[in-house]
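Please treat every number below as a calculation from the coordinates, not as lab data. A quick note: this is a predicted structure, and the numbers were derived from the prediction, not measured. Counting neighbours? That spans all protein chains shown, and the Cβs are built from the backbone with ideal geometry, glycine included.
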Amino acid sequence: MIQKLLVFALLALVMSCKKDVRDSKDVYVNNFETADKTGIQNFLSVKFNGGYVLGPYRGSDFVLTINDLPKHKLLRISFDLYIHDAWAGNNGTDGKPDLWQMMVDGKTYVNTTFSNLSCAAGNFCPPQAYPDEYPNNNHNPKSGAIRTDFPGLCQTTQASTLYHIEKTITHDADNAQMKCLDKLMQGSVTPGTCYASWSVDNLKITAINL
């Protein structure tokens, strides 16, 4: 009797899994090597790490619009994010955070800070929110990075840190608009991408139907 119950339970589990099988389709893929600007507002391109990336951006944004999406219930968004040069995390210029955000259709899905600074004497480490959201999170600089040894984009005394960002969000509209932006504080510092900036590579968006 117990064996029969186990068999029925296993069959029920298999049937329930079948209902959750996902059909997926990549609706946008770009490694930015060919300067493909399709659907992108404020397209910038720079050579970095042996190839081309989307950027650099400072105090600005890019917007990607994708139309005529197939039937779907979710969007999976993944990309590599380079944080270049002098980001100061939760305590940036004038004590304000160096924020970075990703939005889809006006809703914020990433709201975080990054710190590229080194720990000072006495083990004080300028904190960042990533891999969590800002505020109320204080992690060591470069936490969650997949590489920390890239040179700065244009400051020899700084570095570039590589993060892989991936988010799966609920979405079923025919069109989608993805926006990435920063709110880097400038204060009395001369603004410009050579002080701090960011860029994106290997952007892929997948529509998933449940």
- Env charge @ residue 71, Cβ radius under 13 Å, K,R +1 / D,E -1, value -1
- Note on the structure: Counting only residues 5 or more apart in sequence or on a different chain, those whose built amide H sits under 5 Å from that of residue 142 are 115
- Message: Please compute the contact order of segment 23-209 in relative form: average sequence separation of alpha-carbon pairs under 8 Å and at least six residues apart, divided by the residue count, as a percent.
- Response: 38
- Task: Could I have the simple spin-label model distance between residue 164 and residue 60, label points 7 Å from Cα toward Cβ, reported in nm to one decimal?
- Result: 3.0
- Message: Could you give each residue of segment 53-58 its phi-based ³J(HN,Hα) in whole Hz, using Karplus coefficients 6.51, -1.76, 1.60 with θ = phi - 60°, and x for Gly or Pro?
- Response: 10, 7, x, x, 10, 8
- Note on the structure: Ranked on Cβ counts within 10 Å of their own Cβ, fewest leading, 85, 105 go 105, 85
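With the cut-off at 1.5 for a/c, could you classify segment 101-160 from its C-alpha gyration tensor as rounded, prolate or oblate?
Cα axes put segment 101-160 in the oblate bin.
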- Note on the structure: For segment 23-209, the dipole about the Cα centre with charges only on Cβ (Lys and Arg +1, Asp and Glu -1), to the nearest 20 debye, works out at 80
- Above-threshold pairs, the threshold being 32 Å between Cα atoms, out of 73/96; 47/73; 107/142: 73/96; 47/73
- If each residue's Cβ is checked for other Cβ atoms within 10 Å, how do 84, 164, 171 rank with the fewest at the top? 164, 171, 84
